[in-house]
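Peer 1: Have a look at this one before I ask anything.
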Amino acid sequence: DILNGTITSVLGATITAGTLTSAGTVTDILNGTITSVLGATITAGTLSSITSISQKSFVEQPDIGITTADALTPLPAVTTSVLGVYSFFVYNSGANPVNTQIEISADGTNYYVDTTGDNPLAAGSVDVLVPARFLKYTRVSYQSASVGLPSTINVILNAQGT
């Protein structure tokens, strides 16, 4: 049901119980099916059910200009339960080497070290971290490879939805 909403563009649709010849604003679709929509934005309504999505969504989440320290520090966790494929791109833009690792969790509180990066990651180098195991939450932790020598890293999550 779409109640009090607006459909601005439909690439193709099948109407089985009537004819739609022109639509500016569609206010009610009851007992019908829209079989194809090229793109949609829902700004003030509720979408309660989706049977399938034919194209995988792309997600990118950058954390740029992070200063490392001596202590192992985690980035905020990503809820990866809805992602099919995901990787963390790490660029050491600073002057000193860094250590990185991927940690996973089922409850968002207790984390397990899943994968370590190409440690130490030299200044000016790039690494891609890919978890070996799957749990609901995933995060990257980082630290300076040498005590007292901070660096700067960029971490960019790239993912595809399921």
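Peer 1: Which of the numbered conditions does Asn110 fail, given that it passes all the others? Conditions: (1) open to solvent by 20 Å² or more (accessible area, probe 1.4 Å); (2) in contact (Cβ under 8 Å) with a residue 12 or more places away in the chain; (3) not β-branched (Val, Ile, Thr).
Peer 2: (2)
Peer 1: Moving on. For residues in region 115-162 being within 14 Å of Phe88 (Cβ to Cβ) and of a type in the set (Gly, Ala, Ser), which is farthest from the chain's Cα centre (by Cα)?
Peer 2: Per the criteria, the residue is Gly117.
Peer 1: Among the residues of region 73-102, write down those that are open to solvent by 80 Å² or more (accessible area, probe 1.4 Å) and not in a strand (DSSP E or B).
Peer 2: Once the filter is applied, which keeps residues that are open to solvent by 80 Å² or more (accessible area, probe 1.4 Å) and not in a strand (DSSP E or B), region 73-102 yields Pro76, Val82, Ala95.
Peer 1: Let me spell it out: the conditions are (1) within 25 Å of Ser151 (Cα to Cα); (2) assigned to a loop (DSSP other than H, G, I, E, B); (3) open to solvent by less than 40 Å² (accessible area, probe 1.4 Å), and Asp118 meets all of them except one. Which number is the exception?
Peer 2: Against the list (1) within 25 Å of Ser151 (Cα to Cα); (2) assigned to a loop (DSSP other than H, G, I, E, B); (3) open to solvent by less than 40 Å² (accessible area, probe 1.4 Å), Asp118 comes up short only on (3).
Peer 1: Kindly indicate the residue of region 131-162 that is polar (S, T, N, Q) and over 21 Å from Val113 (Cα atoms) and also surrounded by the most Cβ atoms within 10 Å (Cβ to Cβ) among those meeting that condition.
Peer 2: That would be Ser151.
Peer 1: Still on this model: Would you be able to tell me the number of residues in region 39-72 that are within 17 Å of the chain's Cα centre (by Cα) and either modelled with pLDDT of 90 or more or loosely packed, with under 11 Cβ neighbours inside 10 Å (or both)?
Peer 2: Summing the residues that are within 17 Å of the chain's Cα centre (by Cα) and either modelled with pLDDT of 90 or more or loosely packed, with under 11 Cβ neighbours inside 10 Å (or both) in region 39-72 gives 9.
The values are calculated or read from the model by the stated rules, or taken from the named source; none is laboratory data. Remember, it's a predicted structure, so these values are computed and weren't measured experimentally. Every residue, glycine among them, receives a Cβ derived from its backbone with ideal geometry; neighbour counts consider all protein chains shown. Heads up: the accessible areas ignore ligands, DNA and RNA and are worked out on the full protein's heavy atoms, side chains in. Shrake-Rupley method; radii C 1.70, N 1.55, O 1.52, S 1.80 Å.
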